[in-house]
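Report on the structure given below.
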Amino acid sequence: MAYQKKHCWSILLRLYHWAFALSIIALCITGFYIHEPWTNTLREGSASWPMAWMRFAHFIAGYVFTAAVIARIFLYIFGNKQERIMDHLPVTPRNIKNIFSTLLLYSYIKEGHDPDRLGHNLLAGMTYVITIIAAVFQLISGFYLLFPELAIWEGYGLAIFGSQQWARYIHHLLMWWFMIFALIHIYLVVWNDVQEPEGLVSSIFTGKKFTH
Amino acid sequence: MADTVNKTLDPRLNRRGFLKGCTMAAAALGLSESVVPKMVEAATSAERPTVIWLHFQECTGCSETLLRGTHPDLARLILDIISLDYHETVMAAAGHQAEEALHDSVEKNAGKFILVVEGGIPTAENGIHCMIAGKTALEILEEIAPKAAAIIAYGTCATFGGVQAASPNPTGSVGVDKLVHDKPIINISGCPPNPVNLLGTILHFLTFNRLPAVDGLKRPKFAYGRRIHDHCERRAHFDEGRFVEQFGDEFHKLGYCLYKVGCKGPETFANCPVARFNEAGVWPVSVGHGCIGCTEPDFWDTMTPFYDRIPNVKIPGAGIIADADELGTKVLAATGAAIGIHAAVGVGKRLIKGKSDSDE
Ligand code: HEM
Ligand code: HEM
Ligand code: SF4
């Protein structure tokens, strides 16, 4: 059987993916430090600012993260067929059918992907949408913590979270969603790559998938 | 009656104390000293505004802080520039006499008086959890609030419900602005608030004829415009990574940052580090205890445990109360285990079926 090389992910989607993934790793590490600074010292006047630097790194990564989320929302509307939101939500018979076939696939009952889909399967697609929604709340709480005196962030922050402390609490809990998501995500990507050699892992670098 | 109260409480306020108080208020408001004479003029020449002070569900700590601190000038000053017609704790009258004074004053000054509310208002079971002179707090507020010119909710109970509103809030206690919607309301939160902030608000009102600018929670910006953390004297230790690990340890004795023992300064809006308390120039962090966030909404629920950074996770029904990170680690570990099992099943199936990869 001959393999066919197909263009699947645009360059913007791939850039967004890695900006998103790498910024989240940085945000989790620096976020943990901000929550519970694991260094301490009795030295004064050492001209080192571990907490200030960790916060600075957190905010820089936060801006990268925000840019990635904005790019993703743009692609949900203006991206190619695989990238648009309609391909990720259970709104068409084709998509609903794919939920069940993916469940059967993941429970080792059935083999092979649905041949009519080039992009995400529905379970993955819906999880990504939930993750982007979580990311929007994460960045609103983050900017509210960063700029509480600015009217726009004060407005959104108070309306959604009610107080700085509650914003921080939700911000912290959402971090766990991203970490658990990343673990399952990387496993399933590799698992799918093993099950069906379509070049899934490399597709997020090259944008190309192989079908037959 | 007000004058009687005033004189018995105010035997010593001299011009020096008066000017000092006005200067403090101007500083707290962030105004230049050139407005001090204006303030003094407003405070002395304008007709003293009538103030009616209602107590509901509370501990009276707010009034206590105002009256019995080591800053007599401040309390005297407030009592000097206002005409306090009704205040259950300090008034001489009692019983029917007191009730009469209240109603006379409300009628006489309708539309002109400032209403200060101290304490939360219980709303459950038609408000029977707080009754004064046979009426519920709810009824009293409904009767008096519409006649006030403006309302000052004083203390965290009157602003956000306070301790009795802590989960599960059995009496349905709420702050004034949940019940009164058609009056200018200013929230001076804190458990207790700094009296300087009340003085500043009143002087602002007298001098400029309007209430000061407020934030999204109706708190005056001059006092609640910045977080404690952004004006804290221990902030350098925070940025440079020097933290108290435990009360009484080496780091604590050296006066380092209290972040790791749960200081809520980073989440709390108040001017404590600037205005300070009791004329001795102290505030909680300066004496070695973290901020507990008492000026913030629902602080009894959101700021506890006081010595941890964030609240525990409660899962209703399951009876689970756990540290967020402990729970997160468990969920992550369970996810990892599930992944392991899933992968093992896959490998097992391949072994059994003896499927090779060369079946393309
Ligand atoms: C996946 C994304 C993110 C994760 C996992 C994350 C994680 C965290 C964590 C764990 C904390 C400590 C909270 C605590 O004390 O418990 C924190 C604090 C904070 N984060 Fe994030 N964060 C993320 C995104 C952002 C974004 C987009 C911004 C916006 C610029 C942001 C701004 C902040 C700020 C301002 C703080 C408070 C720092 C301080 O006051 O010292 N975060 N973050
Ligand atoms: C070694 C690490 C990673 C690899 C190899 C990888 C690979 C991939 C691949 C192949 C896809 C497309 C999957 C599909 O079609 O369903 C994808 C999508 C995605 N990945 Fe990753 N990923 C990695 C790490 C991460 C991390 C750490 C995150 C964030 C926590 C992340 C977030 C996402 C998201 C949100 C999508 C959906 C893209 C979209 O919105 O359409 N990835 N990844
Ligand atoms: S003691 Fe509290 S308010 Fe002061 S710098 Fe440390 S965390 Fe911030």
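The values are calculated or read from the model by the stated rules, or taken from the named source; none is laboratory data. Owing to the predicted nature of the structure, the values given are computational and were not obtained by experimental measurement. Backbone-built Cβ (ideal geometry, glycine too); neighbour counts: all protein chains shown. Just the protein is used for accessible areas: all its heavy atoms, side chains included, with ligands, DNA and RNA removed. Shrake-Rupley method; radii C 1.70, N 1.55, O 1.52, S 1.80 Å.
Residues whose amide H comes within less than 5 Å of that of B:I132, counting only those at least five positions distant or on another chain, are B:A137 (H built at 1.01 Å from N in the peptide plane). For the protein assembly as shown, the share of alpha carbon pairs falling in successive 10 Å distance bins from zero is 3, 14, 21, 19, 15, 12, 8, 5, 2, 1, 0 percent. With R₀ set to 30 Å, the beta-carbon distance separating A:V129 from A:A151 gives a calculated FRET efficiency near 0.50. Database note for chain B: Cys without another Cys beta carbon under 4.7 angstrom, B:C22, B:C59, B:C62, B:C130, B:C157, B:C232, B:C257, B:C263, B:C272, B:C291. Sequentially through region B:246-256, phi angles give Karplus couplings (6.51, -1.76, 1.60; θ = phi - 60°) of 8, 4, x, 7, 3, 5, 5, 5, 7, x, 7 Hz, Gly and Pro residues having no value and appearing as x.
Where only DSSP H runs of four or more residues are counted, chain A gives -23500 deg cm²/dmol as its mean residue ellipticity at 222 nm, each run worth -39500 (n - 2.57). For region B:171-271, chymotrypsin sites (Phe, Trp or Tyr not before Pro) are listed when DSSP marks them as loop and at most 14 other Cβ atoms sit within 10 Å of their Cβ; the list is B:F247. Our note on the geometry: Cα centres of region B:163-218 and region B:231-288, 26 Å apart.
Go ahead and run the numbers for FRET between B:I315 and A:I96, Cβ-Cβ distance against an R0 of 35 Å, rounding to 0.05.
E between B:I315 and A:I96, to the nearest 0.05, is 0.65.
Rolling a 1.4 angstrom probe over the protein heavy atoms with all chains in place gives the protein assembly as shown an accessible area of 47 Å² per residue. Compute the separation of the alpha-carbon centres of region B:93-162 and region A:112-158 and state it in Å as a whole number. Answer, in whole Å: 46. Using the empirical formula 2.2 N^0.38 Å as the baseline, the Cα radius of gyration of region B:207-325 reaches a ratio of 1.22.
Ignoring ligands, DNA and RNA, what percent of the 1.4 Å accessible area of region B:9-224 is carbon and sulfur?
53
For region B:253-312, carbon and sulfur atoms together expose 61% of the accessible surface, with a 1.4 angstrom probe and every protein chain in place.
Which net charge results when you count Lys and Arg as +1 and Asp and Glu as -1 among the other residues whose beta-carbon is under 13 Å from that of A:V189? Result for the neighbourhood of A:V189: -2.
FRET efficiency for B:I128 and A:E111, Cβ-Cβ distance as r, R0 = 56 Å, nearest 0.05?
FRET efficiency, B:I128 to A:E111: 0.25.
For chain A, the fraction of 1.4 Å probe accessible surface lying on carbon and sulfur atoms is 75 percent. Cross-link pairs exceeding 32 Å in C-alpha to C-alpha distance, out of B:K330/B:K353; A:K6/A:K97; A:K97/B:K314; B:K135/B:K218; B:K20/B:K260; B:K178/B:K221, comprise B:K330/B:K353; A:K97/B:K314; B:K20/B:K260.
Across all Cα pairs in chain B, the calculated P(r) in 10 Å bins from zero up to the longest distance comes to 5, 21, 27, 21, 11, 6, 4, 3, 2, 1, 0 percent per bin. Remark: mean inter-chain Cβ contacts per residue of B:299-312 equal 3, using a 10 Å Cβ-Cβ cutoff to other protein chain atoms. Accessible area buried by the pairing of A and B, both sides summed with a 1.4 Å probe, works out to roughly 4300 Å².
Over what distance in Å are the Cα centres of region A:16-51 and region B:47-63 separated? After rounding, the separation between the Cα centres reads 47 Å.
For region B:286-336, the share of alpha carbon pairs falling in successive 5 Å distance bins from zero is 4, 18, 19, 20, 16, 10, 7, 4, 1, 0 percent. Our coupling estimate for region B:333-340, obtained by passing each phi through the Karplus curve with A = 6.51, B = -1.76, C = 1.60 and θ = phi - 60°, is 5, 4, 4, x, 5, 4, 4, x Hz, Gly and Pro reported as x.
Only one residue of B:G346, B:I321, B:S286 has its Cα farthest out toward the positive end of the dipole of region B:246-359, where Lys and Arg carry +1 and Asp and Glu -1 on Cβ, and that residue is B:G346.
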